[in-house]
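Undergrad: Let me give you the structure first, and then I'll get to my questions.
The values are calculated or read from the model by the stated rules, or taken from the named source; none is laboratory data. A quick note: this is a predicted structure, and the numbers were derived from the prediction, not measured. Note that each Cβ is placed from the backbone with ideal geometry, even for glycine, and that neighbours are counted across all protein chains shown. Accessible surface areas use protein heavy atoms only, side chains included; no ligands, DNA or RNA. Shrake-Rupley method; radii C 1.70, N 1.55, O 1.52, S 1.80 Å.
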Amino acid sequence: MQLKNKLLDQINKATSTGELALASKKQKLCDDIYSIFNEGIDTYSRRLKENVQRDATELFTRIANDKSYVGLRINENYGLNIVLQDGTIVPGRSAGYEHVVALSLIGALHKNAPLQGPIIMDSPFGRLDPTHKRNIVSVLPSMANQVMLLVYTDEIDEQLTRESLAGNLISEKRLTRISSMHTRIE
């Protein structure tokens, strides 16, 4: 009973001195600031998602050799679906197109990242036909200021790649395996 009376006295004192009203105003201000930050985060996330989707679509349509595929759409799980001309989603896709979608996403994420750096790809052409390989090589300079490809000799047509990249090819190195613990860069 004594605790109850003590609490009632504190409430009456806070009410009579205006402390309760001030505390309520402070709480409302905090709630409003919280709402503003949440709105900002939601707006930023939505715009970033739209930009990534747009840029992935732009790369995808430049790479894909099937012109009935007109774009990519980010789904509720943040995966990418291929969109047909009539707006429907492609229900299944080949390993090669899975690869093209992934490369398109990599390029779009890189373009929209707050910090820029090189893109490094290991065996990026493994599952692709010659047309897709050519198309990817042609878009590499637009994906980043610097792209490093680690490819097997038979994975790409070296001469065609050199011609396609022309002035964008800065350096070419060959890795030679000496042993399981030693590789020479030439």
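Undergrad: If you take the charge dipole of the chain about its Cα centre, with +1 on Lys and Arg Cβ and -1 on Asp and Glu Cβ, which of Ile156, Ile41, Gln53 is farthest toward its positive end?
TA: Farthest towards the positive pole: Ile41.
Undergrad: What number of lysine-lysine pairs in the chain show an alpha-carbon separation below 22 angstrom, given a sequence spacing of 8 or more or placement on distinct chains?
TA: Step by step, the pairs that qualify in the chain add up to 8.
Undergrad: Ignoring ligands, DNA and RNA, what percent of the 1.4 Å accessible area of segment 30-186 is carbon and sulfur?
TA: In segment 30-186, the share of accessible area belonging to carbon and sulfur is 54 percent.
Undergrad: Return the loop-located trypsin sites (Lys or Arg not before Pro) in segment 92-186 (DSSP other than H, G, I, E, B) with at most 13 other Cβ atoms within 10 Å of their own Cβ; answer none if there are none.
TA: Lys173, Arg174
Undergrad: Further, regarding this structure: Give me the dipole magnitude in Debye, nearest 20, for the chain about the Cα centre, with unit charges on the beta carbon: positive for Lys and Arg, negative for Asp and Glu.
TA: Value, rounded to 20: 640 debye.
Undergrad: Further question on the same structure: Using 1/(1 + (r/R0)^6) with R0 = 35 angstrom and r between the beta carbons of Lys13 and Ile33, what's the FRET efficiency to the nearest 0.05?
TA: 0.80
Undergrad: Turning to a different aspect of this structure: Could you sort 148-154, 166-172 so that the peptide with the highest average Cβ count within 10 Å comes first and the rest follow in order?
TA: Per-residue mean Cβ counts within 10 Å order the peptides as 148-154, 166-172.
Undergrad: Let me ask something additional. In segment 1-91, which chymotrypsin sites (Phe, Trp or Tyr not before Pro) fall in coil by DSSP and have 16 or fewer other Cβ atoms within 10 Å?
TA: The qualifying sites are Tyr78.
Undergrad: What FRET efficiency, computed as 1/(1 + (r/R0)^6) with R0 = 22 Å and r the Cβ-Cβ distance, is obtained for Gln85 and Arg54, rounded to the nearest 0.05?
TA: The computed FRET efficiency comes out at 0.80.
Undergrad: Additional query: Can you work out the accessible area per residue across the chain, with the rest of the protein chains kept in place, probe 1.4 Å, in square angstrom?
TA: Accessible surface, normalised per residue, equals 71 Å².
Undergrad: Whose amide H sits under 5 Å from the amide H of Ile119, counting only residues 5 or more places off or on another chain, with H placed in the peptide plane?
TA: Gln146, Val147, Met148
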